Amino acid sequence: MADENTQEFWKWQETNWVNPCINWENGRCITVGIDVGSVSSQAVVMVDGEMFAYGNMRTGSNSPDSARNALRFALEKTSLTEEKIHYLIGTGYGRVNVPMADRTVTEIACHAKGANFFYGPSVRTVLDVGGQDIKVIRCDEKGKVTNFLMNDKCAAGTGRGMEVFSDLLSVPIGDVGRRSFEVDGEPPPVSSTCVVYAKSEATGLLRKGLSTNEVLAAYCSAMANRIYSLLERVGVEPEFAVTGGMAKNQGVIGRLTRKLGLEPLKTKWDTQLAGAAGAALFGYALCRQGKGRK
(Lines give C-alpha, C1' and ligand atoms only; values in the text may rest on other atoms or scores of the structure.)
Protein backbone atom coordinates (compact mmCIF):
# COMPACT_ATOMS: atom_id res chain seq x y z
CA MET A 1 0.00 0.00 0.00
CA ALA A 2 1.28 3.45 -0.91
CA ASP A 3 2.37 5.72 1.91
CA GLU A 4 -0.26 8.40 2.59
CA ASN A 5 2.32 11.11 1.97
CA THR A 6 2.89 9.87 -1.58
CA GLN A 7 -0.71 8.92 -2.43
CA GLU A 8 -2.07 10.80 -5.44
CA PHE A 9 -5.43 11.94 -4.10
CA TRP A 10 -6.29 13.79 -7.32
CA LYS A 11 -6.45 10.60 -9.39
CA TRP A 12 -9.97 9.68 -10.47
CA GLN A 13 -11.04 6.25 -11.73
CA GLU A 14 -10.50 5.44 -15.40
CA THR A 15 -13.31 3.45 -17.03
CA ASN A 16 -14.18 1.65 -20.24
CA TRP A 17 -17.39 -0.06 -21.36
CA VAL A 18 -18.88 -2.06 -24.22
CA ASN A 19 -22.55 -2.33 -25.17
CA PRO A 20 -23.34 -6.07 -25.18
CA CYS A 21 -26.47 -5.50 -27.27
CA ILE A 22 -24.64 -4.23 -30.35
CA ASN A 23 -22.77 -6.34 -32.90
CA TRP A 24 -20.43 -3.91 -34.61
CA GLU A 25 -20.04 -6.27 -37.58
CA ASN A 26 -23.63 -5.47 -38.57
CA GLY A 27 -23.03 -1.73 -38.53
CA ARG A 28 -23.06 0.39 -41.68
CA CYS A 29 -21.34 3.41 -40.07
CA ILE A 30 -18.78 2.89 -37.32
CA THR A 31 -17.66 6.29 -36.07
CA VAL A 32 -15.36 7.45 -33.30
CA GLY A 33 -14.98 10.69 -31.41
CA ILE A 34 -11.80 11.33 -29.44
CA ASP A 35 -11.78 14.21 -26.98
CA VAL A 36 -8.27 15.05 -25.76
CA GLY A 37 -8.51 17.46 -22.86
CA SER A 38 -5.88 18.93 -20.57
CA VAL A 39 -6.85 16.56 -17.75
CA SER A 40 -8.76 13.65 -19.34
CA SER A 41 -9.15 11.96 -22.72
CA GLN A 42 -12.18 10.06 -23.95
CA ALA A 43 -12.87 7.88 -26.97
CA VAL A 44 -16.47 7.07 -27.88
CA VAL A 45 -17.27 4.46 -30.50
CA MET A 46 -20.70 4.54 -32.13
CA VAL A 47 -22.33 2.04 -34.45
CA ASP A 48 -24.99 3.66 -36.61
CA GLY A 49 -25.34 6.50 -34.13
CA GLU A 50 -25.66 4.30 -31.03
CA MET A 51 -23.14 4.01 -28.18
CA PHE A 52 -21.08 0.87 -28.67
CA ALA A 53 -17.98 1.42 -26.53
CA TYR A 54 -16.01 4.07 -24.72
CA GLY A 55 -12.81 4.66 -22.82
CA ASN A 56 -12.27 7.45 -20.31
CA MET A 57 -8.75 7.97 -19.00
CA ARG A 58 -6.31 10.58 -17.80
CA THR A 59 -4.43 12.62 -20.39
CA GLY A 60 -0.71 12.01 -20.43
CA SER A 61 2.10 14.38 -21.29
CA ASN A 62 1.85 13.59 -25.01
CA SER A 63 -1.45 14.41 -26.77
CA PRO A 64 -1.01 12.02 -29.75
CA ASP A 65 -0.26 9.18 -27.34
CA SER A 66 -3.27 10.14 -25.21
CA ALA A 67 -5.53 9.92 -28.26
CA ARG A 68 -4.18 6.50 -29.22
CA ASN A 69 -4.38 5.23 -25.65
CA ALA A 70 -7.99 6.38 -25.25
CA LEU A 71 -9.02 4.60 -28.46
CA ARG A 72 -7.11 1.46 -27.46
CA PHE A 73 -8.81 1.56 -24.04
CA ALA A 74 -12.25 1.92 -25.65
CA LEU A 75 -11.64 -1.03 -28.01
CA GLU A 76 -9.93 -3.18 -25.37
CA LYS A 77 -12.94 -5.43 -24.67
CA THR A 78 -14.07 -5.66 -28.31
CA SER A 79 -12.93 -7.39 -31.49
CA LEU A 80 -13.20 -4.12 -33.41
CA THR A 81 -9.96 -2.74 -34.86
CA GLU A 82 -9.08 0.76 -35.97
CA GLU A 83 -8.99 -0.36 -39.61
CA LYS A 84 -12.76 -1.06 -39.48
CA ILE A 85 -13.66 2.50 -38.41
CA HIS A 86 -15.43 4.55 -41.09
CA TYR A 87 -14.92 8.04 -39.69
CA LEU A 88 -12.96 9.47 -36.75
CA ILE A 89 -13.19 13.02 -35.40
CA GLY A 90 -10.86 14.69 -32.92
CA THR A 91 -12.03 17.35 -30.49
CA GLY A 92 -10.99 19.03 -27.27
CA TYR A 93 -7.96 20.98 -26.13
CA GLY A 94 -5.63 18.59 -27.98
CA ARG A 95 -7.77 17.97 -31.06
CA VAL A 96 -4.99 18.94 -33.47
CA ASN A 97 -2.93 16.12 -31.96
CA VAL A 98 -5.27 13.25 -32.81
CA PRO A 99 -3.11 11.67 -35.53
CA MET A 100 -5.75 9.25 -36.85
CA ALA A 101 -8.54 11.85 -37.14
CA ASP A 102 -10.25 12.44 -40.48
CA ARG A 103 -11.11 15.94 -39.29
CA THR A 104 -11.45 18.02 -36.13
CA VAL A 105 -14.45 19.81 -34.60
CA THR A 106 -14.39 22.33 -31.74
CA GLU A 107 -15.24 21.07 -28.26
CA ILE A 108 -18.01 23.68 -27.99
CA ALA A 109 -19.89 22.21 -30.94
CA CYS A 110 -19.21 18.66 -29.75
CA HIS A 111 -20.40 19.26 -26.18
CA ALA A 112 -23.63 20.79 -27.46
CA LYS A 113 -24.21 17.83 -29.78
CA GLY A 114 -23.24 15.34 -27.06
CA ALA A 115 -25.50 17.00 -24.47
CA ASN A 116 -28.38 16.81 -26.94
CA PHE A 117 -27.72 13.06 -27.29
CA PHE A 118 -27.25 12.43 -23.55
CA TYR A 119 -30.08 14.59 -22.20
CA GLY A 120 -32.53 14.91 -25.08
CA PRO A 121 -33.65 17.66 -27.49
CA SER A 122 -35.11 19.85 -24.72
CA VAL A 123 -31.60 20.97 -23.60
CA ARG A 124 -31.01 24.67 -24.20
CA THR A 125 -28.14 25.52 -21.82
CA VAL A 126 -25.04 23.37 -21.42
CA LEU A 127 -22.43 24.01 -18.77
CA ASP A 128 -19.12 22.29 -19.46
CA VAL A 129 -16.52 22.50 -16.71
CA GLY A 130 -13.38 21.04 -18.19
CA GLY A 131 -9.86 20.59 -16.93
CA GLN A 132 -8.68 24.09 -17.79
CA ASP A 133 -11.73 26.15 -18.71
CA ILE A 134 -15.45 26.66 -18.21
CA LYS A 135 -17.87 26.97 -21.12
CA VAL A 136 -21.53 27.99 -21.11
CA ILE A 137 -23.21 26.94 -24.34
CA ARG A 138 -26.70 27.77 -25.62
CA CYS A 139 -28.08 25.37 -28.22
CA ASP A 140 -31.24 24.53 -30.14
CA GLU A 141 -33.31 21.35 -30.23
CA LYS A 142 -30.84 19.72 -32.64
CA GLY A 143 -27.81 20.40 -30.45
CA LYS A 144 -26.57 23.24 -32.67
CA VAL A 145 -24.74 26.05 -30.87
CA THR A 146 -26.57 29.39 -30.84
CA ASN A 147 -24.35 31.23 -28.36
CA PHE A 148 -21.51 30.52 -25.93
CA LEU A 149 -19.19 32.11 -23.40
CA MET A 150 -15.89 30.82 -22.13
CA ASN A 151 -13.76 31.82 -19.14
CA ASP A 152 -10.12 32.79 -19.48
CA LYS A 153 -7.43 30.14 -19.73
CA CYS A 154 -6.97 29.63 -16.02
CA ALA A 155 -7.31 26.61 -13.73
CA ALA A 156 -9.50 28.59 -11.32
CA GLY A 157 -12.85 26.89 -10.86
CA THR A 158 -11.97 24.02 -13.20
CA GLY A 159 -11.22 20.33 -12.94
CA ARG A 160 -7.49 20.91 -12.69
CA GLY A 161 -8.04 23.36 -9.85
CA MET A 162 -10.07 20.76 -7.98
CA GLU A 163 -7.35 18.15 -8.49
CA VAL A 164 -4.73 20.47 -6.97
CA PHE A 165 -7.01 21.24 -4.06
CA SER A 166 -7.77 17.56 -3.49
CA ASP A 167 -4.07 16.78 -3.26
CA LEU A 168 -3.43 19.74 -0.98
CA LEU A 169 -5.99 18.53 1.57
CA SER A 170 -5.20 14.81 1.10
CA VAL A 171 -8.82 14.01 0.24
CA PRO A 172 -9.57 11.58 -2.64
CA ILE A 173 -11.14 13.63 -5.41
CA GLY A 174 -14.21 11.38 -5.52
CA ASP A 175 -14.94 12.21 -1.87
CA VAL A 176 -14.63 15.99 -2.11
CA GLY A 177 -18.27 16.74 -2.95
CA ARG A 178 -19.74 14.48 -0.27
CA ARG A 179 -17.39 15.66 2.43
CA SER A 180 -17.98 19.33 1.62
CA PHE A 181 -21.57 18.89 2.86
CA GLU A 182 -20.52 17.12 6.06
CA VAL A 183 -20.27 20.39 7.99
CA ASP A 184 -22.38 21.90 10.78
CA GLY A 185 -22.72 25.22 8.99
CA GLU A 186 -21.76 26.59 5.58
CA PRO A 187 -18.49 28.54 5.91
CA PRO A 188 -17.85 31.65 3.78
CA PRO A 189 -16.33 30.81 0.39
CA VAL A 190 -12.61 31.31 -0.07
CA SER A 191 -11.94 34.75 -1.50
CA SER A 192 -10.18 33.47 -4.61
CA THR A 193 -10.49 30.41 -6.81
CA CYS A 194 -7.04 31.06 -8.26
CA VAL A 195 -5.18 27.84 -7.53
CA VAL A 196 -2.11 29.62 -6.14
CA TYR A 197 -4.01 31.95 -3.80
CA ALA A 198 -6.66 29.37 -2.86
CA LYS A 199 -3.92 27.02 -1.68
CA SER A 200 -2.49 29.74 0.55
CA GLU A 201 -5.92 30.65 1.87
CA ALA A 202 -6.83 27.01 2.53
CA THR A 203 -3.63 26.51 4.51
CA GLY A 204 -4.44 29.62 6.52
CA LEU A 205 -7.99 28.42 7.24
CA LEU A 206 -6.69 25.07 8.50
CA ARG A 207 -4.28 26.90 10.80
CA LYS A 208 -7.20 28.94 12.14
CA GLY A 209 -8.93 25.75 13.20
CA LEU A 210 -11.36 25.04 10.36
CA SER A 211 -11.82 21.34 9.65
CA THR A 212 -10.82 19.81 6.34
CA ASN A 213 -14.50 19.43 5.43
CA GLU A 214 -15.16 23.10 6.16
CA VAL A 215 -12.27 24.13 3.92
CA LEU A 216 -13.64 21.84 1.18
CA ALA A 217 -17.03 23.51 1.58
CA ALA A 218 -15.46 26.97 1.34
CA TYR A 219 -13.63 26.05 -1.87
CA CYS A 220 -16.61 24.27 -3.48
CA SER A 221 -18.73 27.31 -2.67
CA ALA A 222 -16.20 29.64 -4.30
CA MET A 223 -16.11 27.47 -7.42
CA ALA A 224 -19.92 27.45 -7.60
CA ASN A 225 -19.93 31.26 -7.33
CA ARG A 226 -17.39 31.59 -10.14
CA ILE A 227 -19.41 29.34 -12.43
CA TYR A 228 -22.64 31.12 -11.50
CA SER A 229 -21.18 34.50 -12.51
CA LEU A 230 -20.36 33.09 -15.96
CA LEU A 231 -23.84 31.59 -16.33
CA GLU A 232 -25.40 34.93 -15.41
CA ARG A 233 -23.60 36.64 -18.29
CA VAL A 234 -25.08 34.27 -20.87
CA GLY A 235 -28.38 33.54 -19.16
CA VAL A 236 -29.67 30.10 -18.26
CA GLU A 237 -32.57 28.88 -20.32
CA PRO A 238 -34.20 25.61 -19.21
CA GLU A 239 -33.56 22.83 -19.80
CA PHE A 240 -30.12 22.93 -18.22
CA ALA A 241 -27.42 20.24 -18.44
CA VAL A 242 -23.89 19.86 -17.09
CA THR A 243 -21.08 18.04 -18.91
CA GLY A 244 -17.47 17.37 -17.97
CA GLY A 245 -15.94 15.88 -14.86
CA MET A 246 -17.17 18.61 -12.53
CA ALA A 247 -20.75 17.38 -13.07
CA LYS A 248 -19.77 14.52 -10.73
CA ASN A 249 -18.83 16.88 -7.90
CA GLN A 250 -22.03 17.55 -5.99
CA GLY A 251 -20.18 19.87 -3.66
CA VAL A 252 -19.94 22.36 -6.53
CA ILE A 253 -23.00 21.45 -8.61
CA GLY A 254 -25.30 21.18 -5.58
CA ARG A 255 -24.36 24.68 -4.44
CA LEU A 256 -24.60 26.01 -7.99
CA THR A 257 -28.10 24.66 -8.58
CA ARG A 258 -29.20 26.09 -5.25
CA LYS A 259 -28.11 29.53 -6.46
CA LEU A 260 -29.76 29.00 -9.84
CA GLY A 261 -32.97 27.60 -8.40
CA LEU A 262 -32.77 25.10 -11.24
CA GLU A 263 -31.99 21.38 -11.18
CA PRO A 264 -29.85 20.06 -14.04
CA LEU A 265 -31.13 17.20 -16.16
CA LYS A 266 -29.97 13.67 -15.36
CA THR A 267 -28.31 11.17 -17.67
CA LYS A 268 -27.24 7.54 -17.43
CA TRP A 269 -24.00 8.32 -19.26
CA ASP A 270 -20.67 9.46 -17.85
CA THR A 271 -20.77 13.26 -18.24
CA GLN A 272 -17.09 13.34 -19.23
CA LEU A 273 -18.00 11.55 -22.46
CA ALA A 274 -20.21 14.29 -23.92
CA GLY A 275 -17.56 15.89 -26.11
CA ALA A 276 -16.36 12.60 -27.58
CA ALA A 277 -19.96 11.45 -28.11
CA GLY A 278 -20.74 14.67 -29.97
CA ALA A 279 -17.65 14.16 -32.14
CA ALA A 280 -18.74 10.58 -32.96
CA LEU A 281 -22.18 11.91 -33.93
CA PHE A 282 -20.64 14.49 -36.26
CA GLY A 283 -18.71 11.61 -37.80
CA TYR A 284 -21.91 9.63 -38.18
CA ALA A 285 -23.57 12.49 -40.08
CA LEU A 286 -20.59 12.71 -42.44
CA CYS A 287 -20.46 8.94 -42.87
CA ARG A 288 -24.12 8.88 -43.94
CA GLN A 289 -23.26 11.49 -46.55
CA GLY A 290 -20.81 9.02 -48.05
CA LYS A 291 -17.71 10.75 -46.69
CA GLY A 292 -16.44 7.79 -44.69
CA ARG A 293 -13.18 5.98 -45.27
CA LYS A 294 -13.18 3.66 -48.25
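The values are calculated or read from the model by the stated rules, or taken from the named source; none is laboratory data. Quantities reported herein were computed from a predicted structural model and do not represent experimental measurements. Every residue, glycine among them, receives a Cβ derived from its backbone with ideal geometry; neighbour counts consider all protein chains shown.
A few notes on this one:
- Scope segment 198-225; condition over 13 Å from Leu168 (Cβ atoms) and loosely packed, with under 15 Cβ neighbours inside 10 Å; matching residues: Arg207, Lys208, Gly209
- Check on Asn56, under 21 Å from the mean Cα position of the chain (by Cα), part of a helix (DSSP H, G or I), at pLDDT 95 or above and outside the structural domain of Lys248 (by TED's automatic domain parsing): no
- Scoring Arg138 on the criteria (1) touching a residue at least 40 places away in the same chain (Cβ under 8 Å); (2) buried (at least 24 other Cβ atoms within 10 Å of the Cβ) leaves a single failure, condition (2).
- Search result, residues across segment 41-52 that are surrounded by fewer than 24 Cβ atoms within 10 Å (Cβ to Cβ) and not in a loop (DSSP other than H, G, I, E, B): Val47, Glu50, Met51
- Failed criterion for Phe9 (all others in (1) at pLDDT 95 or above; (2) under 20 Å from the mean Cα position of the chain (by Cα) hold): (1)
- Members of segment 6-39 found to be closer than 18 Å to Phe117 by Cα, part of a loop (DSSP other than H, G, I, E, B) and touching a residue at least 60 places away in the same chain (Cβ under 8 Å), listed by number: Cys29
- Number of the exception - Glu107 against (1) within 21 Å of Leu281 (Cβ to Cβ); (2) more than 18 Å from the chain's Cα centre (by Cα); (3) of a type in the set (Asp, Glu): (2)
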